[in-house]
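> Please read through the structure below; I'll follow up with questions.
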Amino acid sequence: MGSEVTKAPEVTLIKSEMEAAAARVAERAMNTTLDGVSGVLGDLFGGWFGDGIKQWRTRRLIDTLIKTKDHLEAAGIPIENAKSLPMGELYAIFEGCSKQEDISLTEMWSALLANAMNPTNDKYIDPSFSRILGNLSGLDAAILKYIKDFNRKRETLSATQREILNKAQTDRQIKGEKSFHEMIDKIEKEFSEWADNEHLSQFSEFSAENISYSISNLLRMGLIYPPEYTIPENLIQVGIQKKPRNENELVADDRRLRAYLRAMNDQAGAAIEKRSTLQSLVTIVRPNWPMIQRNETIQPAYSLSGLAIRFLLACSP
C-alpha cells in the first residue's frame, strides 16, 4: 500500500553480483535452481503483468532479497543453510514485497523473509503476517514502530527508577536528600524531551487527517487498541409499560446499549470517515513523580495488541 515515508533507491537490473546474490536467496527459499531473478516473478505469477511492470517489481524483489541475505549473514546463517519455505508462504511474501517501494516496509519484508528462512529463529512466524504487512502503509508502520520504541524506552526508564529507589531504600538519608530528587527529575525530563522530539521527528510532515485514517486502519486490523473504557451500567433498562385495557407489559429499553455499541464501532475505526473529530496519536500526561517541575509530556494514546507485538518481532532483524 502507501509509500509516503521513504522510497527505496532504484536497483539496476543487470547480470551483476547483486542479482546473483538475490538469486541465491531465492533459490534457497524456493529449493530450486534459477537463472537469475528475472524469471522468478514470471514463474510465480505467470502473465499477470507486462514487461514494464514486471521489471519494476523484479527490482523491488531484488532489493528485498539482498536485504534478506544481509539479515541472514548478520545472524551467522550461510545462505546454503537457510530453510526453504512452502510455496504458499513464499508466494505471499514475493507478491507483497515486489509491490513495495517504501524503504521501511521493504526492511520489514526482508526481515520477515529472513526470520522465516532462519533455522535457528525462535520468533513466531504466522502465515498471516505477510497479509498484515501487505495491508500496511508506510505511516501505519511508523506508528507501530513509534509505540514500540516508546514502550521500550519507558521500560528502560522504569528499570532505572527502580534501581534508584532500591538504593535509596537502604539509606533513608539518601532518599531525603535533594540530589536524589534531582536525579529522578533529570531522567524524567530526559525521557520527556526524547518523547517530544521522537513524535515531532516522526510525524511532523503528516497531516492530522492522514494520521487519523492510519490509526483507523490499525484499529480495524487489531494491531492497536485504545485505553480501556468503563462499560456503563444499566445498558438495558427493564420496566413496565401500560397498554390499552389497563394491561401491563414488561419492556426492555436498549437505547443506551445501542448508543454504546455505536461508540465502540467508532473506536474500532469503522466509521472514522463519518466522524468530525479526528483521532490523535498521542495524549498529554503528567509525570509519575510529584516532585518533578515539568508539567506535562506526551505518550502514545494507543497500545500494541499481542498480535502487533508478535508481528513486529517477526518483521524485525
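The values are calculated or read from the model by the stated rules, or taken from the named source; none is laboratory data. If you're wondering where the values come from, they're calculated on a predicted model, not measured in any experiment. Counting neighbours? That spans all protein chains shown, and the Cβs are built from the backbone with ideal geometry, glycine included.
> Mind checking which residues of region 114-129 are crowded, with 22+ Cβ neighbours inside 10 Å and touching a Leu at 6+ places or on another chain (Cβ under 8 Å)?
Residues satisfying the conditions are Ala114, Ala116, Met117, Phe129.
Okay, residues lined up against (1) out of contact with any Ser or Thr (no Cβ under 7 Å at 6 or more places or on another chain); (2) of a type in the set (Val, Ile, Thr); (3) assigned to a helix (DSSP H, G or I); (4) farther than 14 Å from Ile224 by Cα:
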{"site": "Ala111", "(1), (2), (3), (4)": "no, no, yes, yes"}
{"site": "Ala116", "(1), (2), (3), (4)": "yes, no, yes, yes"}
{"site": "Leu133", "(1), (2), (3), (4)": "yes, no, yes, yes"}
{"site": "Ala141", "(1), (2), (3), (4)": "no, no, yes, no"}
{"site": "Tyr146", "(1), (2), (3), (4)": "yes, no, yes, no"}
{"site": "Asn151", "(1), (2), (3), (4)": "yes, no, yes, no"}
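> Looking at region 17-76 only, could you name the residues that are among the hydroxyl-bearing types (Ser, Thr, Tyr), modelled with pLDDT of 75 or more and in a loop (DSSP other than H, G, I, E, B)?
Passing the criteria: only Thr32.
> I'm checking my understanding of the structure. Among residues of region 139-160 that are among the basic types (Lys, Arg) and in contact with a Phe, Trp or Tyr (Cβ under 9 Å, 6 or more places away or on another chain), which one is farthest from Glu198 (Cα to Cα)?
Arg154
> Can I ask one more? Suppose the filter is modelled with pLDDT under 90, under 24 Å from Arg310 (Cβ atoms) and hydrophobic (A, V, I, L, M, F, W, C); does Met87 pass it?
Taking the combined requirement at face value, the residue satisfies it.
> Further question on the same structure: Go through Glu182, Glu233 for me and flag whichever is of a type in the set (Asp, Glu), part of a loop (DSSP other than H, G, I, E, B), modelled with pLDDT under 80 and not assigned by TED's automatic domain parsing to the domain that holds Ser98.
Details: Glu182 fails: part of a loop (DSSP other than H, G, I, E, B).
Being of a type in the set (Asp, Glu), part of a loop (DSSP other than H, G, I, E, B), modelled with pLDDT under 80 and not assigned by TED's automatic domain parsing to the domain that holds Ser98 holds for just one of Glu182, Glu233, which is Glu233.
> Checking Thr120 against (1) among the polar types (S, T, N, Q); (2) under 17 Å from the mean Cα position of the chain (by Cα); (3) in a loop (DSSP other than H, G, I, E, B), which test does it fail?
Failed condition: (2).
> Right, something else. Can Ser84 be described as surrounded by fewer than 23 Cβ atoms within 10 Å (Cβ to Cβ) and within 15 Å of the chain's Cα centre (by Cα)?
On the way: surrounded by fewer than 23 Cβ atoms within 10 Å (Cβ to Cβ): yes; within 15 Å of the chain's Cα centre (by Cα): no.
It is false that Ser84 is surrounded by fewer than 23 Cβ atoms within 10 Å (Cβ to Cβ) and within 15 Å of the chain's Cα centre (by Cα).
> Continuing with this model, one more query. Of the residues Ala111, Ala141, which single one is touching a strand residue (DSSP E or B) at 6+ places or on another chain (Cβ under 9 Å), under 23 Å from Ser214 (Cβ atoms) and not charged (D, E, K, R)?
Criteria check complete, one pass: Ala141.
> Here's a follow-up. Test Asp102 against the criterion of being assigned by TED's automatic domain parsing to the domain that holds Ile62, buried (at least 17 other Cβ atoms within 10 Å of the Cβ) and in contact (Cβ under 8 Å) with a residue 60 or more places away in the chain, and give yes or no. Reasoning before the result, please.
Working: assigned by TED's automatic domain parsing to the domain that holds Ile62: yes; buried (at least 17 other Cβ atoms within 10 Å of the Cβ): yes; in contact (Cβ under 8 Å) with a residue 60 or more places away in the chain: yes.
It is true that Asp102 is assigned by TED's automatic domain parsing to the domain that holds Ile62, buried (at least 17 other Cβ atoms within 10 Å of the Cβ) and in contact (Cβ under 8 Å) with a residue 60 or more places away in the chain.
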